[in-house]
Each structure stands twice: as C-alpha cells, then as structure tokens.
Amino acid sequence: MYKWTMFTLFVVACSLAVIYSVASMEFGSSEGGSAEKAVATVIEKDSEGAEIYAKATCVSCHGADLKGMSSAGIPTLLGVGDKYSKEELVGVIKNGIRGMGAQYDANIAKGLTDEDLDKLAEWLSIQKVAAAAETTSH
C-alpha cells in the first residue's frame, strides 16, 4: 500500500510540473511569428543624464548598469520610466520611497545641483522597456 501511495504522489507531482511548465511557456503570436521578450537596457548611455547618474548616490545601490540587487531588495532602475514620470522620480529623489530614504541632501552634498537632479529624473524617466526594445531591434 505504501508503494502505491508514493507512486500516486509521484505521478501527481509530475503532472503538476508539466502543467506548470506548459502554463508558463511563451507562445508566438497568432500570425506565425515568435513573441519577442522585451529586454530592458540602458537608454542614452552617453547622455548628460547618464553622466549625472554616475555621480549621484543612485549608483551605489542600483549599480552602474541600473540592475539593482534583487537579493538585497534593491530594485532595478531598468524600465523605471514605465512606472514613474519625471515628476514622480523627482519626488522619489527628494522624499524617498519604501525602504529607500530621501537622496536629495546627499546628492547636493556630492556637488550636484537642483538642475542636475532634474536632468537625472528626466533621464530615469526615459528608461522604458518599450524604448529599449525599439533601440535593440533597429
């Protein structure tokens, strides 16, 4: 009886694994093409906004590549423009968000100006997954 119980549990577990695998598969479009998965990359890497980012406090946690550290709960900034507008990002810099404290004073202390922080927020606001997909497909 024990063997049959274990066999039944094994079959159920395998069935669930197959169902989960099929449910999580990405299928191509109905037009016969394959679906492209959008990959976020840094937009305008050589712009003034990117230079300001490199000087700002953001880079110490989110990294030069904007990927963050998911294991430490630090989110990626790739695609951040899909979630927040420039004005909202200025608010994040000034007031913080969730576990991140306000960064305004620390950035001013590093020699950045209000104009720099405005340009930084503008640059972060263009970091969009759709924009990254367009630049990599051309």
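The values are calculated or read from the model by the stated rules, or taken from the named source; none is laboratory data. Nothing here was measured: the structure is a model prediction, and the numbers come from that model. Only protein heavy atoms, including side chains, enter the accessible area calculation; ligands, DNA and RNA are left aside. Shrake-Rupley method; radii C 1.70, N 1.55, O 1.52, S 1.80 Å.
Quick look at the values:
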quantity: Filter result (open to solvent by 70 Å² or more (accessible area, probe 1.4 Å) and either modelled with pLDDT of 95 or more or part of a helix (DSSP H, G or I) (or both)) within region 111-128; calculated: D114, E115, E122
quantity: Scope region 44-56; condition open to solvent by 20 Å² or more (accessible area, probe 1.4 Å) and part of a loop (DSSP other than H, G, I, E, B); matching residues; calculated: E44, K45, D46, S47
